[in-house]
Amino acid sequence: MIRLLLRDLTLALRAGGGFGLGLGFFLILVTLVPFGVGPNSERLAAIAPGILWVGALLACLLSLDRIFALDYEDGSLDLLATAPVPLEGLVAMKALAHWITTGLPLVIAAPFLGVLLHLDTDAYRWLIITLLIGTPALSIIGAFGAAITVGLKRGGLLMSLLVLPLYIPTLIFGAEVVRRGARGFEVTTPLLMQAGITAGAIAMLPFAAAAAIRIALR
Amino acid sequence: MSILSVTDLSVARGGVPVLEGLNFSVASGQVLILRGPNGAGKTTLLRTLAGLQPALAGQVICAPDAVAYGAHADGLKSTLTAAENLTFWAGVYGQSGIDAALTAFDLNPLADRPAGNLSAGQKRRLGLARLLVTGRPVWVLDEPTVSLDTASVALFAAAVQAHLETGGAMIVATHIDLGLQAQVLDVTPFRADPKTATGAFDEAFL
């Protein structure tokens, strides 16, 4: 299984692998917001948690359709399905590879981009913590969406429609924690809710995604 | 002693039955060649044997983890080199050492080339070399000789012969004479009546 992870990471880093696509999108979005909204620092600080979280979510969404589609097109998915690797494990490794190449760079970049949006100093650690807790959920939910649409040509639109509603709780709780953290309020409840969503998604969705792939390969 | 046997098997594609009433078995050291016109259901049968889709009726009796499947597509990653592709598959199957496989298909000079730069026949050879690193006894192959030249077909036949001598077996859909001792199964008489389609609900999930 570690081989699968290493292969996916290698592929992502080689030419055309798509590493940095999400990160680039995130950078562009957050850099453009001050130009669009204006340089008023109070207004920017008020919307910063939401913008950073929406940006991270859309950046994750951008690279989802490649998770299984490429393997499906070149026949690797058929061969992996007949290999002595459980499909559930394959899904988990693919999601982990997606998180390392997309989610983790966002977590690292977000605090620097927070400066551009005049994010309150108290909110930085909550931004990092919520992104660290929340982005794995985005990757595994996305892998599930990608698995459902794997057999469809240009299934990206359908996948986005399926995945976005499932992303919303993570977004709400993530942005809420950062907003409360910025004002110095209690953050435990939304933080625990977000952690619960992530834990539940990681526990259940690999099985659902593997079932979807089995149907797609029939 | 058969390593794969099939009793009264029916297979379906997209909810429509294509073959029914199949009975055959393959023992170690044997080759079974499937023949039949395009669309007869050879690929569907092979995918069922490989466990990629459930049988409509009947049974496939085979040890778990005995089958190595080779499809039309080679499953190669174009940005990985030939050796990296093979090493990955060897690792997935818990095997080590790809040198024998590279040598058997004369891939040593190409080992460090990205798979995307190989010709169609070279990719096919690399795809077939993957079978050698699976370490599995039953090869289930779908048109393995497509885009291979005569010399490469000979390499493949030699690899199959070596596989059979070590107790392996092969079920293959092909129209080329590989020069091997083989049973031939023409699937045409086993064609199912498509009107007996029962899997109407299956389509809803596709």
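Quick check, is A:F19 in contact (Cβ under 8 Å) with a residue 12 or more places away in the chain, assigned to a loop (DSSP other than H, G, I, E, B) and surrounded by fewer than 22 Cβ atoms within 10 Å (Cβ to Cβ)?
Details: in contact (Cβ under 8 Å) with a residue 12 or more places away in the chain: yes; assigned to a loop (DSSP other than H, G, I, E, B): yes; surrounded by fewer than 22 Cβ atoms within 10 Å (Cβ to Cβ): yes.
Against the criterion (in contact (Cβ under 8 Å) with a residue 12 or more places away in the chain, assigned to a loop (DSSP other than H, G, I, E, B) and surrounded by fewer than 22 Cβ atoms within 10 Å (Cβ to Cβ)), A:F19 qualifies.
Is there a residue in region A:85-107 that is modelled with pLDDT under 90, touching a His at 6+ places or on another chain (Cβ under 9 Å) and under 26 Å from A:L152 (Cβ atoms)?
No, region A:85-107 contains no residue that is modelled with pLDDT under 90, touching a His at 6+ places or on another chain (Cβ under 9 Å) and under 26 Å from A:L152 (Cβ atoms).
Can you tell me which residue in region A:29-58 is farthest from the other protein chains (Cβ to nearest Cβ), limited to those that are part of a helix (DSSP H, G or I) and farther than 21 Å from A:I108 by Cα? Working first, answer last.
To start, the set of residues in region A:29-58 that are part of a helix (DSSP H, G or I) comprises A:29-37, A:41-58.
Those still in the list that are farther than 21 Å from A:I108 by Cα too: A:35-37, A:41-43, A:46.
Details: A:F35: 36, A:G36: 37, A:V37: 40, A:S41: 45, A:E42: 48, A:R43: 45, A:A46: 44 Å.
The selected residue is A:E42.
Just the residues that are farther than 15 Å from B:R191 by Cα, free of Cβ contacts under 8 Å to residues at least 24 places away in the same chain and away from chain A (no Cβ under 12 Å), please, taken from region B:14-71.
B:S25
Looking only at region B:108-126, decide whether some residue is modelled with pLDDT of 85 or more and facing chain A (nearest Cβ under 9 Å).
yes
Return a yes/no flag: does region A:71-85 have any residue that is charged (D, E, K, R), within 14 Å of another protein chain (Cβ to nearest Cβ) and within 19 Å of the chain's Cα centre (by Cα). If you could, list the steps in order and put the result at the bottom.
Start the filter on region A:71-85 by keeping residues that are charged (D, E, K, R), which leaves A:71, A:73-74, A:78.
Now narrow it down to the ones that are within 14 Å of another protein chain (Cβ to nearest Cβ): A:71, A:73-74, A:78.
Remaining after also requiring within 19 Å of the chain's Cα centre (by Cα): none.
For region A:71-85, residues charged (D, E, K, R), within 14 Å of another protein chain (Cβ to nearest Cβ) and within 19 Å of the chain's Cα centre (by Cα): absent.
Could you pull out the residue among A:F68, A:F19, A:F26 that is more than 14 Å from chain B (Cβ to nearest Cβ) and either closer than 23 Å to A:S139 by Cβ or over 18 Å from the mean Cα position of the chain (by Cα) (or both)?
Numbers: A:F68 fails: more than 14 Å from chain B (Cβ to nearest Cβ); A:F19 fails: more than 14 Å from chain B (Cβ to nearest Cβ).
Of the residues listed, the single one that is more than 14 Å from chain B (Cβ to nearest Cβ) and either closer than 23 Å to A:S139 by Cβ or over 18 Å from the mean Cα position of the chain (by Cα) (or both) is A:F26.
Of the residues B:T145, B:T79, which single one is closer than 25 Å to B:P37 by Cα and among the hydroxyl-bearing types (S, T, Y)?
B:T145
Identify the residue in region A:176-186 that is buried (at least 19 other Cβ atoms within 10 Å of the Cβ) and of a type in the set (A, V, I, L, M, F, W, C) and, among all such residues, is farthest from A:H118 (Cα to Cα).
A:V177
If only one of A:I100, A:I197 is within 24 Å of A:G20 (Cβ to Cβ), under 15 Å from the mean Cα position of the chain (by Cα) and assigned to a helix (DSSP H, G or I), which one is it? Talk me through it step by step, then tell me what you get.
Values: A:I197 fails: within 24 Å of A:G20 (Cβ to Cβ).
Within the list A:I100, A:I197, the selection yields A:I100.
Condition test on B:L126, is it under 20 Å from the mean Cα position of the chain (by Cα), surrounded by 18 or more Cβ atoms within 10 Å (Cβ to Cβ) and part of a strand (DSSP E or B)? Show your work before the answer.
Details: under 20 Å from the mean Cα position of the chain (by Cα): yes; surrounded by 18 or more Cβ atoms within 10 Å (Cβ to Cβ): yes; part of a strand (DSSP E or B): no.
Here the answer is no, as B:L126 does not meet what is asked.
Condition first: of a type in the set (A, V, I, L, M, F, W, C) and within 14 Å of chain B (Cβ to nearest Cβ). Now tell me which residues in region A:162-218 satisfy that.
A:A208, A:A210, A:A211, A:A212, A:I213, A:I215, A:A216, A:L217
Based on what the data block shows, is B:L180 touching a residue at least 60 places away in the same chain (Cβ under 8 Å) and either outside any helix (DSSP H, G or I) or under 21 Å from B:A71 (Cα atoms) (or both)?
The answer is yes for B:L180.
Suppose the filter is more than 18 Å from A:A146 (Cα to Cα), more than 13 Å from chain B (Cβ to nearest Cβ) and assigned to a helix (DSSP H, G or I); does A:L61 pass it?
no
Please work out which residue is nearest to the other protein chains (Cβ to nearest Cβ), limiting yourself to region A:141-158 and to residues that are among the aliphatic types (A, V, I, L, M) and either buried (at least 24 other Cβ atoms within 10 Å of the Cβ) or out of contact with any Leu (no Cβ under 8 Å at 6 or more places or on another chain) (or both).
Restricting to residues being among the aliphatic types (A, V, I, L, M) and either buried (at least 24 other Cβ atoms within 10 Å of the Cβ) or out of contact with any Leu (no Cβ under 8 Å at 6 or more places or on another chain) (or both), the top hit is A:A147.
Residue under question is B:F105, and the condition is that it be out of contact with any Asp or Glu (no Cβ under 8 Å at 6 or more places or on another chain), within 14 Å of chain A (Cβ to nearest Cβ) and either closer than 21 Å to B:T188 by Cα or not acidic (D, E) (or both); does it hold?
Judged against the criteria, B:F105 is not a match.
Do we have any residue at all in region A:40-58 that's closer than 25 Å to A:G156 by Cα and over 20 Å from the mean Cα position of the chain (by Cα)? Reasoning before the result, please.
Within region A:40-58, the first condition is being closer than 25 Å to A:G156 by Cα, and the residues that meet it are A:50-58.
Among the residues that remain, those that are also over 20 Å from the mean Cα position of the chain (by Cα) are: none.
No, region A:40-58 contains no residue that is closer than 25 Å to A:G156 by Cα and over 20 Å from the mean Cα position of the chain (by Cα).
Would you pick out the residues in region B:84-112 that are surrounded by 15 or more Cβ atoms within 10 Å (Cβ to Cβ), outside any helix (DSSP H, G or I) and in contact with a helix residue (DSSP H, G or I) (Cβ under 7 Å, 6 or more places away or on another chain)?
Hits for region B:84-112 are B:I98, B:F105, B:L107, B:A111.
Looking at B:L118, B:L131, B:L76 in this structure, which one is in contact (Cβ under 8 Å) with a residue 60 or more places away in the chain and within 30 Å of A:R14 (Cα to Cα)?
Among B:L118, B:L131, B:L76, only B:L131 is in contact (Cβ under 8 Å) with a residue 60 or more places away in the chain and within 30 Å of A:R14 (Cα to Cα).
The values are calculated or read from the model by the stated rules, or taken from the named source; none is laboratory data. Because the structure is a prediction, the values reported are computed rather than measured. Don't worry about glycine lacking a Cβ; one is built from the backbone with ideal geometry, like all the others, and counts go over all protein chains shown.
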